[in-house]
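*Asks:* Just dropping this structure here.
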Amino acid sequence: MIAVVGPGDATDPVVLDAAERVGVLLAEAGHEVVTGGLGGVMAAASRGAKSAGGSVVALLPGDDASAANSFADVVIATGLGQGRNVLVVRSADAVIAVGGSWGTLSEVAIARRLGRPVVWLHGWTINGPDDPIPTAETPEAALRWLTATFLVSRPPG
């Protein structure tokens, strides 16, 4: 399962189109997608995955399952607020971040702390002490990076 994270209030068509394309590419590659289940990037990635026949899990911050976007196959209302960001990242084998916000930054940081491969598309430039967050210019480049990194970090068998 791959997490797609990004701002729930995103309105930039470039960011939303990229998130939707990421969802399509992940589904076409046979990956399940997990998001925070709300609008913006989360809805766009979910819509893309569903349009390509993929499966989508939504981990909501609140208690109301009806708050999920309409593209989720499985909806879990965690009631954890922003703490659900940990669940989104922890449930994934890798993370693609699309766009930038403080919540997205928290998910990128959590992914790094947990050792999950993470790449950022149309996001912020973040340089750690010795390890900048990898960035991609296109959804296809993000998936190529993720695939190469994922295969290295998770060898077959």
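*Asks:* Collect the residues in the stretch 70-103 that are in a helix (DSSP H, G or I), touching a residue at least 40 places away in the same chain (Cβ under 8 Å) and farther than 15 Å from Ile2 by Cα, keeping them in residue-number order.
*Replies:* Going through the stretch 70-103, the residues in a helix (DSSP H, G or I) turn out to be 81-90, 102-103.
From what is left, the residues that are touching a residue at least 40 places away in the same chain (Cβ under 8 Å) are 84-85, 88-89, 103.
Of everything in the stretch 70-103, those that are in a helix (DSSP H, G or I), touching a residue at least 40 places away in the same chain (Cβ under 8 Å) and farther than 15 Å from Ile2 by Cα turn out to be Arg84, Gly103.
*Asks:* Shifting gears a bit: Which condition breaks for Gln82 when tested against (1) open to solvent by 50 Å² or more (accessible area, probe 1.4 Å); (2) modelled with pLDDT of 95 or more; (3) at negative phi?
*Replies:* For Gln82, the failing item is (2).
*Asks:* Take Val74 and decide whether it is touching a strand residue (DSSP E or B) at 6+ places or on another chain (Cβ under 6 Å) and open to solvent by 60 Å² or more (accessible area, probe 1.4 Å). First the steps, then the outcome.
*Replies:* On the way: touching a strand residue (DSSP E or B) at 6+ places or on another chain (Cβ under 6 Å): yes; open to solvent by 60 Å² or more (accessible area, probe 1.4 Å): yes.
When the stated conditions are applied, Val74 passes them.
*Asks:* While we're looking at this one, here's another question. Can you tell me how many residues within the stretch 104-141 are under 12 Å from Val89 (Cβ atoms) and either modelled with pLDDT under 90 or part of a loop (DSSP other than H, G, I, E, B) (or both)?
*Replies:* Total meeting the criteria: 3.
*Asks:* Taking Ser91 as meeting all but one of (1) touching a Phe, Trp or Tyr at 6+ places or on another chain (Cβ under 6 Å); (2) surrounded by fewer than 19 Cβ atoms within 10 Å (Cβ to Cβ); (3) polar (S, T, N, Q), write down the number of the exception.
*Replies:* Single failed check for Ser91: (1).
*Asks:* Exactly one of these conditions fails for Asp131: (1) among the acidic types (Asp, Glu); (2) closer than 18 Å to Pro7 by Cα; (3) open to solvent by 50 Å² or more (accessible area, probe 1.4 Å). Give me its number.
*Replies:* Of (1) among the acidic types (Asp, Glu); (2) closer than 18 Å to Pro7 by Cα; (3) open to solvent by 50 Å² or more (accessible area, probe 1.4 Å), only one is false for Asp131: (2).
The values are calculated or read from the model by the stated rules, or taken from the named source; none is laboratory data. Computed from a prediction, not measured in an experiment: that's the story for all the values here. Please note: Cβ atoms are built from the backbone with ideal geometry, for glycine as well, and neighbour counts cover all protein chains shown. The accessibility values were calculated without ligands, DNA or RNA, using every heavy atom of the protein model including side chains. Shrake-Rupley method; radii C 1.70, N 1.55, O 1.52, S 1.80 Å.
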